[in-house]
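Visitor: Handing you this structure, nothing more for now.
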Amino acid sequence: MHTKLLSVAAALALAFTLSACNTVKGVGQDLQKAGEKIEGAAKK
């Protein structure tokens, strides 16, 4: 019983960690695209 609960808790922690990484990655990509647009406007 205790092992099963620990396994479920570990799986949930892993899922939250992976979703957080995905979110941070998405924010990083958005910031990169915004930076590219700013850089393009500055070159004009």
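Visitor: Of [x] 43, 4, 4; [y] 41, 5, 4; [z] 38, 10, 5, which one was derived for semi-axes √(5λ) of the Cα gyration tensor in Å from the structure shown?
Guide: The calculated read-out lines up with [x].
Visitor: For Ala34 and Ala9, what does the FRET efficiency come to when R0 = 30 Å and r is the distance between their Cβ atoms, rounded to the nearest 0.05?
Guide: About 0.20, to the nearest 0.05.
Visitor: May I pose another question? How far is helix 2-43 tilted, in degrees, relative to the longest principal axis of the Cα atoms in the chain, given as a value from 0 to 90 rounded to the nearest 10?
Guide: Computed tilt is about 0 degrees.
Visitor: Any chance you could run the full-extension gain for Lys44 through Leu18? It's 0.36 nm times the residue separation minus the Cα-Cα distance, nm to one decimal.
Guide: Fully extending the segment from Lys44 to Leu18 adds 5.4 nm.
Visitor: Using a 1.4 Å probe and ignoring any ligands, DNA or RNA, find the accessible area of Thr3 and quote it in Å² to the nearest 10.
Guide: 100 Å²
Visitor: Same structure, new question: From largest accessible area down, sort Val24, Val8; use a 1.4 Å probe on the protein chains.
Guide: Sorted descending by solvent-accessible area, the residues read Val24, Val8.
Visitor: If you only keep lysine pairs separated by 8 or more in sequence, or across chains, how many in the chain come under 25 Å at the Cα atoms?
Guide: 4
Visitor: Divide by every residue of the chain the summed helix terms, -39500 (n - 2.57) for each DSSP H run of at least 4, and state the resulting mean residue ellipticity at 222 nm, rounded to the nearest 500 deg cm²/dmol.
Guide: Calculated mean residue ellipticity at 222 nm is -35500 deg cm²/dmol.
The values are calculated or read from the model by the stated rules, or taken from the named source; none is laboratory data. On a predicted model such as this, the values are computed, not experimentally measured, just so you know. In this analysis, Cβ positions are derived from the backbone assuming ideal geometry, glycine residues included, and neighbour counts consider all displayed protein chains. When the accessible area is computed, the model is the full protein with side chains, heavy atoms only, and any ligands, DNA or RNA have been set aside. Shrake-Rupley method; radii C 1.70, N 1.55, O 1.52, S 1.80 Å.
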